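Working notes for the structure below.
A short reminder: the numbers here are calculations on the coordinates, not readings from a lab. Everything numeric here is computed off the predicted structure, so don't read it as measured data. In this analysis, Cβ positions are derived from the backbone assuming ideal geometry, glycine residues included, and neighbour counts consider all displayed protein chains.
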Amino acid sequence: MSSFSSAGTDLTTDRLVLRTWSAGELAAVLGDTHRAHWAEDFPADGDRVIAGFVTGSPDALHAYGHRLVIERDTGLVVGSIGLFWPPTDGAIEIGYGIVPSRRGRGYASEATRALAEFALTAPGVHTVHARVELSNPASVRVLEKAGLRRWSSDADTARFRMTAADPTPR
């Protein structure tokens, strides 16, 4: 059973909507202008980096690209998540960030699980992967809760992945 539903290009989970950035939102983030539909602490530094990346790479705004994370209850943007297109040999990297005021609620895991499962429906994609620094145990836990499995690590980082052959995460 899937943990999300998709309507158009939006992905909807129990508590979140993941939707593509608008040009106005990208410009507002890069121009340091706060919008009424954003959590007070959005954008975080990582969101600014992603807005710059997406602005320089319009291909990042397709259905399998970068999205805003929106709380369904409030309608507020609380983070961003994305797939770094195009895939390499059938594998695509996922990245995410939730603003500090909304951390600890499971949003990052919920969004990561939904986007990873969705990514596995893209033509030619069989693996979604992420790399996390071991000094960030909260992010390690996000990936574990999202259903990605650790497949390698070194002294500083762990690598996680979900494949099309994996059982659906619960």
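For the range 1-108, the Kirkwood estimate of hydrodynamic radius, built from reciprocal distances between every pair of different alpha carbons, is 14.1 Å. Calculate the FRET efficiency for W151 and T121 from the Cβ-Cβ distance with a Förster distance of 22 Å, rounded to the nearest 0.05. Once the sixth-power term is evaluated, E becomes 0.55. Using a Förster radius of 25 Å, what is the FRET efficiency between D10 and D41 based on their Cβ-Cβ separation? Nearest 0.05, please. For D10 and D41, the calculated efficiency is 0.60. Mean residue ellipticity at 222 nm, helices only, the chain: -7500 deg cm²/dmol; runs of at least 4 DSSP H residues each add -39,500 (n - 2.57), and the sum is divided by the number of residues.
What is the calculated FRET efficiency for D89 to A27, with r their C-beta to C-beta distance and R₀ = 30 Å, to the nearest 0.05? E between D89 and A27, to the nearest 0.05, is 0.30. Stokes-Einstein diffusion of the range 56-170 at 10 °C, 1.306 mPa s viscosity, Kirkwood radius from Cα pairs, rounded to a whole number: 110 µm²/s. Label-to-label distance, S101 versus D166, with points set 7 angstrom from Cα along the beta-carbon direction: 3.2 nm.
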